[in-house]
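The values are calculated or read from the model by the stated rules, or taken from the named source; none is laboratory data. The structure displayed is predicted, hence computed values, not measured ones. Note that each Cβ is placed from the backbone with ideal geometry, even for glycine, and that neighbours are counted across all protein chains shown. What goes into the accessible areas is simple: the full protein's heavy atoms, side chains included, and nothing from ligands, DNA or RNA. Shrake-Rupley method; radii C 1.70, N 1.55, O 1.52, S 1.80 Å.
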Amino acid sequence: MTEGVSVGICDDVLLWREEITDKVLAYQTEKQIQVTIKQYSCAEDYLKAQDDILFLDIEMSGMSGIALKDILIQNKRKEMIAFITCYDGYIREAFGKNVCGFIDKPVSREKVFEVLDKAVEEKKENAVCRLTAETGVSLKEIQYIKSNDKYIEIYTENGVVPGYISLKECE
């Protein structure tokens, strides 16, 4: 299996969370991609978490999905959001940064797969070689990497970035 994605499913109805979970597991099997799935019954619980992609119900008791999206964007969070809803009336409000799709209930396998394909591709495009917990170099920027004893030198279009990790760790 190739490197995976983490999936959050936030809906106040267990039936919908389970239905999406089943489709995500089918995606994992078919695409041979490791998927970690976490379920959240309310938006407030998700604030303490972070996933690569979040399937988010728009209308929930307590904080709405739209309010959660606004908080995530305000806090410069990067997860992709796919809204799930029974109500078309909210779509205009739900648009925004990090929103990658809208899925009507009942949730179709094709739409879940489409959203997951986008998330996997986005994760590949934004992959980073971690040098420390705070710093890294985008894989898109790397021209080549040179091993130099106990550290590496990462060559990019903008210059050389030293890293005090082994070539194996960078790999």
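Couple of notes before you dig in:
- Anchor K111: lysines whose Cα lies under 17 Å away (excluding residues fewer than 8 positions away in-chain): K23, K31
- Here the extension length gained between K150 and I165 equals 4.7 nm, from 0.36 nm per residue of separation less the Cα-Cα distance.
- Set of lysines with alpha-carbon distance to K140 below 20 Å, sequence-local pairs under 8 removed: K78, K118, K123, K124, K168
- If the chain linking K48 and K31 were pulled fully straight, counting 0.36 nm for each residue of separation and taking away their Cα-Cα distance, it would gain 3.2 nm.
- Across the protein chains, with a 1.4 Å probe defining accessible surface, the residues R17, R109 rank R109, R17 from largest area downward.
- Sorting 70-83, 144-157 by average packing, meaning the other beta carbons within 10 Å per residue, from highest down gives 70-83, 144-157.
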